[in-house]
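Read-outs: derived from the displayed coordinates by stated rules, not from any lab. Everything numeric here is computed off the predicted structure, so don't read it as measured data. Don't worry about glycine lacking a Cβ; one is built from the backbone with ideal geometry, like all the others, and counts go over all protein chains shown.
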Amino acid sequence: MATSRSSSTFPRRAAALRLLGALGLSALLACGPSTAGAPPEVEFPADALATEVTASGLKLELRTSPQPPARGVLGVQYRVTTATGAPVDGLSLDVVPWMPDMGHGAATKPEIQTASQGTYVLPNVYLAMPGRWELRTHLTGPGAIDELAAPALQIP
Ligand SMILES: [Cu+2]
């Protein structure tokens, strides 16, 4: 009897472990970048929320969706041009959302999508707290571009 009980218990335990594994995997997939289908289109307004000029003269325009920004998940768009207004494509961006007054970052690192005409889109910037956030951005790319920018957002 003991053997028949254990033989029926083990498959059940194995099935429960498989279920937990599947739940864990789907939770990971839900947090990671979506691979199914095209990325969602994020709409941005015509007017920039902020404009910043880097040390070497790159101009970086910031737009958000929604604009003005709200607490939660935001779409962010950068439009990068040279001092003479030519779009700068082919940049690699590293973006760290940061709350300088409190000395902490965001829970998730933003995904970055490259578009054309010097446009870069971060579809899912997660800013969980109200207050002033900086998007600490390191831009590297063609022509030995190595620049820092930190446009600020006020989250109500
Ligand atoms: Cu904070």
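Estimate the FRET efficiency between Ser56 and Thr84 by the formula 1/(1 + (r/R0)^6), using the beta-carbon distance for r and 22 Å for R0, to the nearest 0.05. Efficiency, from the Cβ-Cβ distance: 0.95.
Suppose each label sits 7 Å from its Cα in the direction of the beta carbon; what would the Arg132-Ala107 distance come out to in nanometres? Modelled inter-label distance: 2.5 nm. Contact order, relative form, for the stretch 50-155: 29 percent (alpha carbon pairs under 8 Å, 6 or more residues apart, mean separation divided by residue count).
Derived scalar couplings between HN and Hα for the stretch 108-119 equal 10, 8, x, 7, 10, 10, 8, 10, 9, 6, x, 9 Hz in order, rounded to whole Hz, by the Karplus curve 6.51 cos²θ - 1.76 cosθ + 1.60 (θ = phi - 60°), x for Gly and Pro. Listed by Cβ neighbour count within 10 Å, with the fewest neighbours leading, Val95, Val73 appear as Val73, Val95. Extending 7 Å from Cα along the Cβ direction at Glu43 and again at Ala150 yields two label points whose distance is 3.4 nm.
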